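Rule-based calculations on the coordinates, nothing more; no lab input. Keep in mind it's a predicted model, so treat the numbers as computed, not measured. Methodologically, a virtual Cβ is constructed for each residue, glycine included, from the backbone with ideal geometry; neighbour enumeration extends over all protein chains shown.
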């Protein structure tokens, strides 16, 4: 199975962001990738204005454009976007402010699938409160991807979810052999080491391939390794079920085209049976 990880830097406008990723998706499809994974916040990057102003449902401008492209190319595309959620009242210094929250969604489209996974674990950490502006989801999501005449169950997670092993184990119990993780990881001291360790740990926990695509690091030439908000650290990676990184990007924008051997999943689970798999359970 050939997958592509498109490590990009997106900006403030979802139309411009689609124009930015379209040629990359076309190139990945031309290279033979059937599953193409983009980062969290592909439609609109963090720290690029209010997320609610461009949030849309799964029949909106951005998601429809990605769907049309995926169908044209005969591929499945996963890309981060935002959907309208609810209103939330915030209090600060005795003042109350109402904000329109969004859902942090990973769109998956193509091959007869058009759905989304809403990030379950909010990034309320390191003095940042994603839950102030983002409403978390409650449902795990898997989908069936057809590749090389095989049906592969793919599980979904987003960024901060990767710190929660039970989510990945449960996806594996539901049949996932590959788990995709669109991400916009924060940079700073120790953050790259944590990112690498967590990718490897989740692959070992669940006996799966992890395909984690991050936003590239803005201003990577001068600021790589410096503290930042959740705007990207790069280092997209594919990790096999033995916890080995078989491909990894750097800080800058980059495309990874990676062939994975799904027989490694069964072999890893036989050698290290840490998850009881529930056969033929697919949550859509």
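Starting from the Cα of residue 12, move 7 Å in the Cα-to-Cβ direction to define the label point; list residues of the range 96-139 whose amide nitrogen is under 19 Å from there.
Under 19 Å, as judged by backbone N against the label point of residue 12, lie 100 of the range 96-139.
What number, rounded to the nearest 500 deg cm²/dmol, is the helix-based mean residue ellipticity at 222 nm of the chain, given -39500 (n - 2.57) per DSSP H run of at least four residues and division by all its residues?
-7500 deg cm²/dmol
Testing the spin-label approximation: label points 7 Å from Cα along Cα→Cβ at residue 194 and residue 124. State their distance in nm.
1.7 nm
May I ask for the angle, rounded to the nearest 10°, between helix 191-206 and the longest principal axis of the chain, with both axes built from Cα atoms and the value confined to 0 to 90°?
40 degrees
If each residue's Cβ is checked for other Cβ atoms within 10 Å, how do 14, 270 rank with the fewest at the top?
Ascending number of Cβ neighbours within 10 Å: 270, 14.
Is the shape of the range 69-131 rounded, prolate or oblate, going by the alpha carbon gyration tensor and its root eigenvalues a ≥ b ≥ c, with a/c under 1.5 for rounded and a/b larger than b/c for prolate?
Since a/c reaches 1.5 and a/b is larger than b/c, the shape of the range 69-131 is classed as prolate.
Contact order normalised by length for the chain, with contacts defined as Cα pairs under 8 Å and 6 or more residues apart; what percent is it?
This gives 19 percent for the chain.
For the residues 36, 233, what sequence is obtained by ranking on other C-beta atoms within 10 Å, fewest first?
233, 36
As an exercise, use a Förster radius of 22 Å and the Cβ-Cβ distance of residue 246 and residue 26 to find the FRET efficiency, rounded to the nearest 0.05.
0.35
Just the number, please: percent antiparallel of the DSSP beta bridges in the chain, rounded to the nearest 5.
70 percent
If the label point is 7 Å along Cα→Cβ of residue 88, which residues in the range 153-170 have backbone nitrogen under 18 Å from it?
Residues passing the 18 Å test: 158-162.
Please compute the volume of the convex hull spanned by the alpha-carbon atoms of the chain and report it per residue in Å³.
Hull volume over Cα atoms, normalised by residue count, gives 121 Å³.
What is the helix-to-structure angle for 61-73, meaning the angle in degrees between its Cα long axis and the longest Cα principal axis of the chain, kept from 0 to 90 and rounded to the nearest 10?
So the inclination is approximately 20 degrees.
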